[in-house]
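Okay, structure first, notes after.
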Amino acid sequence: MYAQPARSSYFSSMLTTAQVIQSARGVVRAAFLAVAAGCAGTAVTRESLIPIPEHLPRQSTSPTVRGTAHGASLIAPEQEFAILGEVVRRFYRPMMQQARWIDPRPLAHARTRQADSLEKPDGDWAIAIASAARVRRVCPLSEANEQCKGLAGGVLRFSPPYAVGTSGRDGADSALVYVRYTPVSYGVEGEIEFFMVRSGGAWRIASKRSLPEIAATTGQASPFPGSP
């Protein structure tokens, strides 16, 4: 007869193995979710787990130009807010107890600090973007808003969308939009260029590109009310 292992040592060995496997799974899952969430504190959703490809810089435009007034005028107002709302939902959806504030000052057509500093705030524009996002804890940047007060997160400052391609009477079928993210207390500030496409009447993000920092030629005011 073959000697049988003691039951206590056998089950102890099985328990230890199971614990190691469970621990390893937990570490992998946590790392995966952390990467998916990104440094902007974006909530993990089924859509956010689908990687957004990176596109190359456009060769036909200057790095100090986001778009033109004519390009922006080719996007109908209802399409403009559909595009901006989709960017918030898909890429900047707040996670846990974070919030997103919509800066009422649009980014300028020229990509310079001076041009951005001259843009006038439009409170109705910020409210329309927050409404189009249809996401909790996305608020216009104002002192009166209580839903997002006291939370961590960051401020989103949008450019108008610029038409890239059109399809006859249907208007623009692709567009570029620029978004600058400024964290409240911690995180990475930066600007991203999103390439949007319209299919079946709905807009989606096709690709994106992180942009280099704007040269600090002039100062820029803090986006938070009451800040120096």
message: On the basis of being among the small types (Gly, Ala, Ser), out of contact with any Phe, Trp or Tyr (no Cβ under 9 Å at 6 or more places or on another chain) and not in a helix (DSSP H, G or I), does GLY154 make the cut?
response: no
task: Working only within the stretch 75-119, note down all residues that are of a type outside the set (D, E, K, R), closer than 14 Å to ARG136 by Cα and not in a strand (DSSP E or B).
output: GLY85, VAL88, TYR92, MET95, MET96, GLN97
- request: Identify, from the list ARG105, ARG157, ARG113, ARG137, the residue that is within 13 Å of the chain's Cα centre (by Cα), over 17 Å from GLY71 (Cβ atoms) and in contact (Cβ under 8 Å) with a residue 12 or more places away in the chain.
  value: ARG157
message: Given the criteria of a type outside the set (D, E, K, R), under 17 Å from PRO94 (Cβ atoms) and at pLDDT below 95, does GLY150 qualify?
response: yes
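Scan ARG100, ARG113 and give me the residue that is of a type outside the set (Phe, Trp, Tyr), buried (at least 20 other Cβ atoms within 10 Å of the Cβ) and over 30 Å from SER167 (Cβ atoms). Outline the logic, then answer.
Working: ARG113 fails: buried (at least 20 other Cβ atoms within 10 Å of the Cβ).
Matching residue, one of ARG100, ARG113: ARG100.
Okay, residues lined up against (1) surrounded by 10 or more Cβ atoms within 10 Å (Cβ to Cβ); (2) at pLDDT below 95; (3) among the polar types (S, T, N, Q):
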position: ALA43; (1), (2), (3): yes, yes, no
position: LEU56; (1), (2), (3): no, yes, no
position: GLY67; (1), (2), (3): yes, no, no
position: VAL87; (1), (2), (3): yes, no, no
position: PRO94; (1), (2), (3): yes, yes, no
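The values are calculated or read from the model by the stated rules, or taken from the named source; none is laboratory data. This structure is a prediction, so every number in the text was calculated from the model and none was measured. Virtual Cβ from ideal backbone geometry, glycine too; neighbours counted across all protein chains shown.
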